[in-house]
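These notes are about the structure you will find just below.
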Amino acid sequence: MPDLVSHPDEVRVVSRRFGKGATSLDHYLELDGYKAVQKALGMGPDAIVNEVKNSNLRGRGGAGFSTGMKWSFVPKQSAKPKYVLCNGDESEPGTCKDRLILEHDPHSVIEGVMIAALAVGAHTGYIYIRGEYRYLSIIMQKAIADAYGRGFLGKNIFGSGYDLDVHWHGGAGAYEVGEESALMESLEGKRGIPRIRPPFPAVVGLWGGPTVINNVETLASVPHIILGGSQWFADLGTPKNGGTRLFCMSGHLERPGVYELPMGYNLKKMISDVAGGIPNGRKLKAVTPGGSSTPVLTADECDVGMDFDQLMKAGSMLGSGGVVVLDDSTCMVTYAQRIMYFYQHESCGWCIPCREGTDWLKKTLTRFHAGGGVEKDIDNIQYLSENMLGRTFCPLGDAAAMPTISIVKKFRKEFEDHLEGRPCPFESKGVVEQLPVLA
Ligand SMILES: Cc1cc2nc3c(=O)[nH]c(=O)nc-3n(C[C@H](O)[C@H](O)[C@H](O)COP(=O)(O)O)c2cc1C
Ligand code: SF4
């Protein structure tokens, strides 16, 4: 996948400074950097929250919750310190957008954390970056040090009398730690497993203090909203889905890459036009529209606007914006197997339906693909997945179940074609054969 791609339909907001040397603080300042936080200092907390609320910005980490609304849940008075956390654990297969923001525009993330802190009255922020993004951690650590060096962070920021510290924290490499409460556990130095909710982080979060946690792309959008205005941002998208989205387009495409398009952009057009269509004269078979945890869409279901509400209506989710395109050479049994290998490996093991369910599904799908399947397995794969749904401690169990259910329901015939010891009709190697290291 090339580092940076472009298309005339792109609307560059979050990616505006990509490729422009904005990792340098001086270049960032030349490109309107740190103007938004200075404006926010003069606005006051309520006005910032309202501006973000009115922009219709919804969380880019997956769930799509209103960012301004989330900030408004933080109590104004608190005996314990408040915190802002930036979730840079990006691990959902198919998703590689936060990576680009951290690489090309790290100060926009710091600035977003600062504005969120002003909005909720926090004096400490953390930018948590997944362990495998070591090179991005180095970029972020330097950006934070540079901001301190100019007096933009620390005591009395911009001469306002407001003290604000922002720290980097590195993960150890676990998908589960992207789940917000597990991230807090990890940040506190504990094993990264989720917490019981309620209470929610806005009230009881990091070290028991009220905490806002947002995704990298969400926070990087905030300075643009403060400078451009909520109406401008809202108008870029569709009703209740403000702004643009970094869509990570991968799979069987002529021009894969991360494209910034308005919310609601048509998926079919995204595939055929923006990403150049399917190579080698092949046909579209299926699309994972929002990262590996989202239900797949068939080729016939792809005439849909890519926003949270339209995709929900179409039976899937916008999730983290990871669009994985599959052509008609793809074996959907292998695809289901590949997805389950990931979730089984990443299950933290805390609760039984996920720990045992993902393991059972992985083993069954592997046996099935290798020609050892019986008809009853097909219903069992679906039944077990349906019984994981909503019955696990955190949404990782759902994330494993949802794509599997959709694949069995929509591509049942492909499962049937693998029965009675018949070889895979697509001549696809199973995951074990492709990646022996995971066996
Ligand atoms: C298993 C799991 C992994 C997650 N991984 C991430 C992640 O890597 N990055 C992220 O921003 N959100 C991730 N989330 C969602 C977070 O829990 C949380 O909703 C998000 O950080 C909130 O930010 P937002 O409102 O800006 O989207 C994950 C959730 C689950 C259940
Ligand atoms: S659903 Fe999976 S990842 Fe989440 S707590 Fe249970 S075992 Fe851990």
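The values are calculated or read from the model by the stated rules, or taken from the named source; none is laboratory data. These numbers were taken from a predicted model, which means no experiment stands behind them. Glycine also receives a Cβ, built like all others from the backbone with ideal geometry; neighbour counts cover every protein chain displayed. Note: accessible area is taken over every heavy atom of the protein model, side chains too, but ligands, DNA and RNA are not part of it. Shrake-Rupley method; radii C 1.70, N 1.55, O 1.52, S 1.80 Å.
Which one is farthest from ligand 1 (Cβ to nearest atom) among residues in the range 307-333 that are surrounded by 22 or more Cβ atoms within 10 Å (Cβ to Cβ) and of a type in the set (Val, Ile, Thr)?
VAL333
Inside the range 195-221, can you point out the residues that are among the aromatic types (Phe, Trp, Tyr) and either under 18 Å from GLY62 (Cβ atoms) or buried (at least 16 other Cβ atoms within 10 Å of the Cβ) (or both)? Explain how you work it out, then say what you get.
Step one: filter the range 195-221 for residues among the aromatic types (Phe, Trp, Tyr), giving 200, 207.
Result: PHE200, single match.
Can you tell me how many residues in the range 298-329 are assigned to a strand (DSSP E or B) and over 19 Å from MET340 (Cβ atoms)? Walk me through it before giving the result.
Narrowing the range 298-329 to residues assigned to a strand (DSSP E or B): 298, 305, 322-327.
Remaining after also requiring over 19 Å from MET340 (Cβ atoms): 298, 305, 323, 325, 327.
Residues flagged as assigned to a strand (DSSP E or B) and over 19 Å from MET340 (Cβ atoms) within the range 298-329 amount to 5.
Only one residue in ALA202, ALA220, ALA182 is at pLDDT 95 or above, part of a helix (DSSP H, G or I) and away from ligand 2 (no atom under 14 Å from the Cβ), so which one is that? Write out each step before concluding.
Details: ALA202 fails: part of a helix (DSSP H, G or I); ALA182 fails: away from ligand 2 (no atom under 14 Å from the Cβ).
Answer to the check: ALA220.
Scan the range 239-297 residue by residue and report those that are assigned to a loop (DSSP other than H, G, I, E, B) and basic (Lys, Arg).
So in the range 239-297, the residues assigned to a loop (DSSP other than H, G, I, E, B) come out as 239-240, 242-243, 252-256, 263-265, 275-283, 289-296.
Result: LYS240, ARG255, ARG282, LYS283.
Kindly provide the set of residues from the range 45-72 that are in a strand (DSSP E or B) and surrounded by 21 or more Cβ atoms within 10 Å (Cβ to Cβ), ordered by number.
Taking the range 45-72 first, the residues in a strand (DSSP E or B) are 58, 66.
Passing the criteria: only ARG58.
Just to verify a result, which residue in the range 330-380, among those that are among the polar types (S, T, N, Q) and in contact (Cβ under 8 Å) with a residue 40 or more places away in the chain, is nearest to ligand 2 (Cβ to nearest atom)? Give the derivation first.
Initially, the range 330-380 is screened for residues among the polar types (S, T, N, Q), giving 330, 334, 337, 344, 347, 358, 364, 366, 380.
With the extra rule that they be in contact (Cβ under 8 Å) with a residue 40 or more places away in the chain, the set shrinks to 330, 334, 337, 344, 347, 358, 366.
On the way: THR330: 27, THR334: 23, GLN337: 19, GLN344: 10, SER347: 4, THR358: 7, THR366: 20 Å.
Among those residues, the one meeting the criterion is SER347.
Residues in the range 176-194 that are open to solvent by 40 Å² or more (accessible area, probe 1.4 Å), within 12 Å of ligand 1 (Cβ to nearest atom) and farther than 17 Å from VAL212 by Cβ: how many?
Total meeting the criteria: 0.
Could you grab me the full set of residues in the range 281-303 that are over 21 Å from the mean Cα position of the chain (by Cα) and in contact (Cβ under 8 Å) with a residue 24 or more places away in the chain? Give the steps one after another, and end with the answer.
Going through the range 281-303, the residues over 21 Å from the mean Cα position of the chain (by Cα) turn out to be 281-285, 298-301, 303.
Result: ARG282, LYS283, LEU284, LYS285, THR298, ASP303.
Within the range 5-30, count every residue that is open to solvent by less than 80 Å² (accessible area, probe 1.4 Å) and closer than 27 Å to TYR265 by Cα.
Going through the range 5-30 one residue at a time, the tally reaches 11.
Quick one: SER66 ticks every box in (1) more than 13 Å from ligand 1 (Cβ to nearest atom); (2) in contact with a helix residue (DSSP H, G or I) (Cβ under 8 Å, 6 or more places away or on another chain) except a single one, so which number is it?
All conditions are met except number (1).
Mind listing just one residue for me: the one in the range 207-237 that is within 25 Å of GLU92 (Cα to Cα) and polar (S, T, N, Q) and, of those, farthest from ligand 1 (Cβ to nearest atom)? Break it down stepwise before answering.
Step one: of the range 207-237, the residues within 25 Å of GLU92 (Cα to Cα) are 211-222, 237.
Adding the requirement that they be polar (S, T, N, Q) leaves 211, 214-215, 218, 221.
Details: THR211: 11, ASN214: 4, ASN215: 3, THR218: 3, SER221: 9 Å.
It comes out as THR211.
Out of the range 26-63, which residues are without any contact (Cβ under 8 Å) to a residue 12 or more places away in the chain and near ligand 1 (Cβ under 10 Å from one of its atoms)?
To start, the set of residues in the range 26-63 that are without any contact (Cβ under 8 Å) to a residue 12 or more places away in the chain comprises 26-27, 29-30, 42, 44, 46-47, 63.
The one that is without any contact (Cβ under 8 Å) to a residue 12 or more places away in the chain and near ligand 1 (Cβ under 10 Å from one of its atoms): ALA63.
Applying the selection to the range 107-138, what residues are among the β-branched types (Val, Ile, Thr) and surrounded by fewer than 16 Cβ atoms within 10 Å (Cβ to Cβ)?
Once the filter is applied, which keeps residues that are among the β-branched types (Val, Ile, Thr) and surrounded by fewer than 16 Cβ atoms within 10 Å (Cβ to Cβ), the range 107-138 yields only ILE138.
Take the residues of the range 335-388 that are surrounded by fewer than 16 Cβ atoms within 10 Å (Cβ to Cβ) and in a loop (DSSP other than H, G, I, E, B): which is nearest to ligand 1 (Cβ to nearest atom)?
Across the range 335-388, the extreme among qualifying residues is GLY349.
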